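**Student:** Before anything else, here's the structure in question.
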Amino acid sequence: MFHKILVANRGEIALRVICACKELGISTVAVYSEADRNSLHVRFADEAVCIGPPRSSESYLNIPQVISAAEITNVDAIHPGYGFLSENANFAKVCEASEITFIGPKPEVIEMMGEKDRARREVKAAGLPTIPGSDGVVEGEEQLAKEAARIGYPLILKAAAGGGGRGMRVVHEQEELLSAYQTARSEAQQAFGTPDVYAEKFLEHPRHIEFQVLGDQHGKVIHLGERECSIQRRHQKLVEESPSPMMDPQRRKDLGAKVVKALAEIGYTNAGTVEFLMDKDGSLYFIEMNTRIQVEHPVTELVTGVDLIKAQIRIAAGERMEDATGAIIPSGHAIECRINAEDPDTFVPSAGRITTFQAPGGTGVRVDSAAYVDAVIPPYYDSMIAKLIVKGRDRTEAVGRMRRALEMFVIEGIKTSIPLHRRILADPDFAAGKFDTHFIDRLLGTNGK
């Protein structure tokens, strides 16, 4: 087992990793920007190193600074959390070269899955269903016209090197094609450093469903069921749950087996998430893979009883799957709400000082957060400040418990998304499990704006 782990992240995920390490008897090193000097992950780590100014590019994304902190504190592993350097293949390579274990997949696998068009080809060859689309990057306007004619409308153009809605354009008719292509390429270049895009059939009103996977260093790959992530705005998830209201045991078994087979063939290790879109007929299509722990991992933890962060650490240390996870006996239903520091009406980020932070409690309620009274939410990072997670015997109980927990969650001094989450949970379609990725647009009457 590792002696000391550096946590290359901030906020609640950094604190989450530190907690797992403490339970495993592993010393921790926190890195922080000048803006995070008073953060809880700094307070509760055994050691802490300032790695630069507030901006991410000068601190949390600064590979030389992170590696220097790891070397001067003599760590033997780095946990990247999610975001920042978690899916940076070059960072994983630098860790290897520095003889520091990167707690995640191998660099070449991160690289493969980070190239979205290549990832599609790899998983398709391994047996996963994919959305009809171009065979790789679209090379020029002539090929674009041919692919569009073959795929049909509506279609979607996607950045080959990224996600999160950037470099993505939906095209409903031929007249929109060229301008959408140019815009998508421009956005892709700005966001990911390459203008490459690929095309695929656009599924209208789909559901977003993902499978949590783990792979050890001995060739064993498992899945821990699926999560429903359809409640989202501009491709950013707001509510997640497990299991999905739309998945039945046979469908879960069949697709899960294909996921496990595909990742075993790729040689996947550590934690990851395989994401799918479900069309109105119930067919599921692979869209991408995230080679890291996900924000929404707690819902899987509550349903399966597996501590995924501990499992990541144990797997990276060479343990076999059965030792890393223990017995897996799924039960109940879990829901997570991402509480963001932003205006619930305009979605404008709300930086500032928290004057009241009263978290809910009681049976089946969990709050993952690094926020506290007098904490200052800086304007430099992602707006998520807490994750509220509940578990019930079934979905009905989980929904009722989440409604209650949201009513008892009080944060003052800044604006938060709690009022929006209350609206979501109160909606009869949500309670009935009748929703898709356009649910928020319909709820707010925004049409995606």
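Every number in this text was worked out from the coordinates using simple rules, so none of it is lab data. Just so you know, these numbers come straight off a predicted model, no measurement behind them. Reconstructed Cβ throughout: ideal geometry from the backbone, glycine too, with neighbour counts over all protein chains shown.
**Student:** In segment 54-203, what is the volume of the convex hull around the alpha carbon atoms, normalised per residue and reported in Å³?
**Tutor:** Measuring per residue, one finds 125 Å³ for the Cα hull of segment 54-203.
**Student:** Okay, next question. For the chain, set up a Gaussian network in which alpha carbons nearer than 10 Å are linked by springs, and say which option among S230, S56, S244 fluctuates the most.
**Tutor:** So, out of S230, S56, S244, the one fluctuating most is S56.
**Student:** List the DSSP H helices in the chain whose Cα atoms stretch 24 Å or more along the helix axis and whose mean Kyte-Doolittle hydropathy is at least 1.6.
**Tutor:** none
**Student:** Further question on the same structure: Compare E288, E204, E296 in a GNM of the chain, Cα atoms joined below 10 Å, and give the one with the largest fluctuation.
**Tutor:** E204
**Student:** Among F192, F439, which comes first, second and so on when ranked by fewest other beta-carbon atoms within 10 Å?
**Tutor:** Details: F192 17, F439 22.
In increasing order of surrounding Cβ atoms, one gets F192, F439.
**Student:** State, as an integer percentage, the relative contact order of the chain based on alpha-carbon contacts under 8 Å between residues 6 or more apart.
**Tutor:** Values: 970 pairs, mean separation 62.0, N = 449.
RCO, the chain: 14 percent.
**Student:** Taking just the C-alpha trace of segment 215-330, give me its Rg and Dmax in Å.
**Tutor:** 14.1, 43
**Student:** For a footprinting-style exposure proxy, rank V197, V42 by other Cβ within 10 Å, fewest first. Show your work: numbers first, answer last.
**Tutor:** Numbers: V197 28, V42 21.
With the sparsest Cβ surroundings first, the list reads V42, V197.
**Student:** Restrict the search to segment 56-115; then list the GluC sites (Glu not before Pro) that DSSP places in a loop and that have at most 12 other Cβ atoms within 10 Å of their Cβ.
**Tutor:** Filter output for segment 56-115: E99.
**Student:** Starting from the coordinates of the alpha-carbon atoms of segment 132-201, obtain the Kirkwood hydrodynamic radius over all distinct pairs and give the value in Å to one decimal.
**Tutor:** One over the average 1/r among Cα pairs gives 11.5 Å for segment 132-201.
**Student:** Using mean Cβ contacts within 10 Å as the protection proxy, how do 63-70, 78-85 order, highest first? Don't skip to the answer; put the middle values down first.
**Tutor:** Working: 63-70: 18.6, 78-85: 24.2.
The most tightly packed comes first, giving 78-85, 63-70.
**Student:** In the neighborhood of E23, defined by Cβ-to-Cβ distances under 10 Å, what is the net charge if each Lys or Arg adds +1 and each Asp or Glu adds -1?
**Tutor:** Values: positive: K22, K310; negative: D307.
Counting the neighbours of E23, the net charge comes to +1.
**Student:** Additional query: Seen from all sides and averaged, what is the projected area of the convex hull of the Cα atoms in the chain, in nm²? Mind showing how you got there, number by number?
**Tutor:** Working: hull surface 79.5 nm².
With the hull built on Cα positions only, its mean projection is 19.9 nm².
**Student:** Here is a follow-up. Rg and Dmax of segment 4-103, using alpha carbons, in Å: what are they?
**Tutor:** Cα-based Rg and Dmax for segment 4-103 come out at 11.9, 32 Å.
**Student:** Give me the net charge for the shell around L177: Cβ to Cβ below 11 angstrom, other residues only, Lys and Arg +1, Asp and Glu -1.
**Tutor:** Charge balance in the 11 Å sphere: -4.
**Student:** For segment 207-444, just the Cα set please: Rg and Dmax, both in angstrom.
**Tutor:** Every Cα atom of segment 207-444 included, Rg and Dmax give 18.0, 51 Å.
**Student:** Which value, in debye to the nearest 20, gives the size of the charge dipole of segment 4-103 about its Cα centre, when Lys and Arg are +1 and Asp and Glu are -1 at the Cβ?
**Tutor:** It comes to approximately 220 debye.
**Student:** Exposure proxy check: R43, R401 ranked by fewest other beta carbons within 10 Å?
**Tutor:** By the 10 Å Cβ count, ascending: R43, R401.
**Student:** Let me ask something else about it. Put +1 on the Cβ of every Lys and Arg and -1 on every Asp and Glu Cβ in the chain; which of N270, I67, V171 then has its Cα farthest towards the positive end of the dipole?
**Tutor:** N270
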